[in-house]
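Quick notes on the structure that follows.
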Amino acid sequence: MSENNEETTTIGARLKAARTAKGLTIDDLQQITKIQKRYLIAIEDEQFDKLPGDFYVRAFVKQYAETVDLDGNALLEEYRDQLPSVHTETIVENVDEVQPTRVASREQPASPASRVRTYLPTIIVTAIVVLILLFIWFMAVRTHAGSSSSTSADSSSVQVSSSKKQSSSSKASSSAKSSSKASSAKEQTIKANGSSDTAYTLTNGADKNKVIIKSTKAAWTSVTTNGTQTWQGTLKADGSHTLTLPSNATTVKFQFGNATATTVTINGKAFNFNPKNSTSQVRTITLTIK
């Protein structure tokens, strides 16, 4: 009895028990996290020397934990004595979203003198432009004062030209309103392809469709456009991610690691990709854009 209790208190056993409780296999976990199967097995067996390095041990353990609904940061802190320490790297929220911080840390704030030198050419150019504009205005005033009689003679032609411009502007405005009414009549729709609950078609979307993915729990999601991966990552609980599809997008594939906790909106309208209330967590949805 005591041996079993000691075994379940190890980090590998803790993670394996959480995975089993969610009904996920190692292959499911590999598909969701994109971590190679042999590394996942090494983590459960606590053979950390088989991973690429100390940084990846903690990063992979954190992503594994959040995928099976455990608090990754709390788990790393609880089992820090069992894990290799990392001195020079910083653990990030997602393994695939490392941001460059070292260069930024070496940047020093600019002094007031250097800032003045930086903007001095702009100030000089602006001053020259202002002087030129003042000179042009002065010459225009003098010319206007000397030729007031000729201006009066031409006023009638100017009024006729202005009237024509207003008429043309009115026609253009009327045409624009008609075009706006015609476009507003076409509403965006997303419908299932027949009785399928994994294939849908989007019509009357935007030129570049805006997609917002939200999750109520930790959830991994991948978006692939025209066969090329656009984005993939693991959202935290109550997290969200916004992306814009390219204008030539015709086929979009969504892969959800926790579908029941994930929602999607396209151009501000909800995309109900689970109308049959499937309880399956790992799902793949295909959206055709017309």
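Could you tell me whether any residue of the stretch 181-199 is of a type in the set (Ser, Thr, Tyr), in a helix (DSSP H, G or I) and farther than 28 Å from GLN63 by Cβ?
Among the residues of the stretch 181-199, at least one is of a type in the set (Ser, Thr, Tyr), in a helix (DSSP H, G or I) and farther than 28 Å from GLN63 by Cβ, which makes the answer yes.
Report, ordered by the first and then the second residue, all pairs with beta carbons closer than 9 Å, sequence separation of six or more or different chains, a first member in the stretch 233-244 that is β-branched (Val, Ile, Thr) and open to solvent by 60 Å² or more (accessible area, probe 1.4 Å), and a second member that is modelled with pLDDT of 90 or more and in a strand (DSSP E or B).
Cβ pairs passing all conditions: THR242/LYS210; THR244/LYS210.
Suppose we filter the stretch 25-63 for residues that are more than 19 Å from LEU76 (Cβ to Cβ), in a helix (DSSP H, G or I) and hydroxyl-bearing (Ser, Thr, Tyr); how many remain?
So the count comes out to 0.
How many residues, within the stretch 234-269, are under 11 Å from LYS214 (Cα atoms), hydrophobic (A, V, I, L, M, F, W, C) and either modelled with pLDDT of 90 or more or in contact with a Leu (Cβ under 7 Å, 6 or more places away or on another chain) (or both)?
Going through the stretch 234-269 one residue at a time, the tally reaches 2.
Which condition from (1) at pLDDT 90 or above; (2) more than 21 Å from GLY239 (Cα to Cα); (3) out of contact with any Lys or Arg (no Cβ under 7 Å at 6 or more places or on another chain) is the one that ALA104 breaks?
(1)
Taking the conditions exactly as written (modelled with pLDDT of 90 or more, more than 28 Å from TYR64 (Cα to Cα) and open to solvent by 10 Å² or more (accessible area, probe 1.4 Å)), does ASN277 satisfy them or not? If you could, list the steps in order and put the result at the bottom.
On the way: modelled with pLDDT of 90 or more: yes; more than 28 Å from TYR64 (Cα to Cα): no; open to solvent by 10 Å² or more (accessible area, probe 1.4 Å): yes.
No, not satisfied.
Name the single residue that is farthest from GLY23 (Cα to Cα) among those in the stretch 245-274 being open to solvent by 50 Å² or more (accessible area, probe 1.4 Å) and in a strand (DSSP E or B). Walk me through it before giving the result.
Restricting attention to the stretch 245-274, the residues satisfying the condition of being open to solvent by 50 Å² or more (accessible area, probe 1.4 Å) are 246-248, 250-251, 253, 260, 263, 267-270, 272.
Next, from what is left, pick out any that are in a strand (DSSP E or B): 251, 253, 263, 269-270.
Working: THR251: 31, LYS253: 24, THR263: 22, LYS269: 32, ALA270: 29 Å.
Out of the qualifying residues, it is LYS269.
Here is a list of conditions, (1) open to solvent by less than 90 Å² (accessible area, probe 1.4 Å); (2) under 30 Å from THR265 (Cβ atoms); (3) at pLDDT below 60, and SER163 meets all of them except one; can you say which number that is?
(2)
A quick yes/no check of all residues on (1) more than 26 Å from THR230 (Cα to Cα); (2) at pLDDT 95 or above; (3) open to solvent by less than 60 Å² (accessible area, probe 1.4 Å); (4) hydrophobic (A, V, I, L, M, F, W, C):
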{"residue": "ILE26", "(1), (2), (3), (4)": "no, yes, yes, yes"}
{"residue": "TYR56", "(1), (2), (3), (4)": "no, no, no, no"}
{"residue": "ALA59", "(1), (2), (3), (4)": "no, no, yes, yes"}
{"residue": "GLN63", "(1), (2), (3), (4)": "no, yes, yes, no"}
{"residue": "ALA74", "(1), (2), (3), (4)": "yes, no, yes, yes"}
{"residue": "GLU78", "(1), (2), (3), (4)": "yes, no, no, no"}
{"residue": "ASP81", "(1), (2), (3), (4)": "yes, no, no, no"}
{"residue": "VAL95", "(1), (2), (3), (4)": "no, no, yes, yes"}
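Looking only at residues in the stretch 200-232 that are of a type in the set (Lys, Arg) and outside any loop (DSSP other than H, G, I, E, B), which one is surrounded by the most Cβ atoms within 10 Å (Cβ to Cβ)? Please lay out each step first, then the result.
As a first pass, look at the stretch 200-232 and keep what is of a type in the set (Lys, Arg): 208, 210, 214, 217.
Now narrow it down to the ones that are outside any loop (DSSP other than H, G, I, E, B): 210, 214.
Working: LYS210: 14, LYS214: 17.
Checked the stretch 200-232; the qualifying residue surrounded by the most Cβ atoms within 10 Å (Cβ to Cβ) is LYS214.
The values are calculated or read from the model by the stated rules, or taken from the named source; none is laboratory data. Here the structure is a predicted model, which means the values were calculated and not measured. Here the Cβ is made from the backbone with ideal geometry for all residues, glycine too, and neighbour counts use every protein chain on show. Remember, those area values only see protein heavy atoms, side chains included, never the ligands or the DNA or RNA. Shrake-Rupley method; radii C 1.70, N 1.55, O 1.52, S 1.80 Å.
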